[in-house]
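These notes concern the structure reproduced below.
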Amino acid sequence: MGRPIGMGDRINPGDWIVADRNGAVVVPSGVTGDVARRALEFDAADVEFVDLLRRELSFDEARMRVDHF
């Protein structure tokens, strides 16, 4: 506990390990705030994109309105 471990890359205390059924990623502690902010921005854009599709815009039209892809 509280010591770095190695599994290909080094994982240090304070790093985030984020995982789902598709895999896992280590987020170094120095960038966790930026990663969290960008994830929230991505999620908001995704919600907006789906809303546009529900309003019957084409995929390309919705993509042009949302800076998502």
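Using a 1.4 Å probe on the protein heavy atoms, what percent of the accessible area of the chain belongs to carbon and sulfur? Kindly include the intermediate steps, with their values, before the conclusion.
Values: 3130 of 5910 Å².
That fraction is 53 percent.
Would you please classify the overall shape of the chain from the alpha carbon gyration tensor, given that a ≥ b ≥ c denote the square roots of the eigenvalues, rounded means a/c under 1.5, and beyond that prolate means a/b larger than b/c while oblate covers the rest? Verdict is prolate for the chain.
Between helix 32-54 and the chain there is an angle of about 20 degrees, using the helix long axis and the longest principal axis of the Cα atoms. The order of the peptides 21-27, 42-48 by mean Cβ neighbours within 10 Å, most packed first, is 42-48, 21-27. Label sites at I17 and F42, each approximated as a point 7 angstrom past Cα along Cα to Cβ, lie 2.0 nm apart. In plain terms, the chain from V35 to R63 could stretch by 7.8 nm, reckoned as 0.36 nm per residue minus the Cα-Cα distance. Under 5 Å from the amide H of W16 lie the amide H atoms of V27, S29, each residue being 5 or more positions distant or on a separate chain, with H modelled from the backbone and absent for Pro and chain starts.
The values are calculated or read from the model by the stated rules, or taken from the named source; none is laboratory data. Computed from a prediction, not measured in an experiment: that's the story for all the values here. No Cβ is skipped: glycine too gets one built from the backbone with ideal geometry, and neighbour counts run over all protein chains shown. Note: accessible area is taken over every heavy atom of the protein model, side chains too, but ligands, DNA and RNA are not part of it. Shrake-Rupley method; radii C 1.70, N 1.55, O 1.52, S 1.80 Å.
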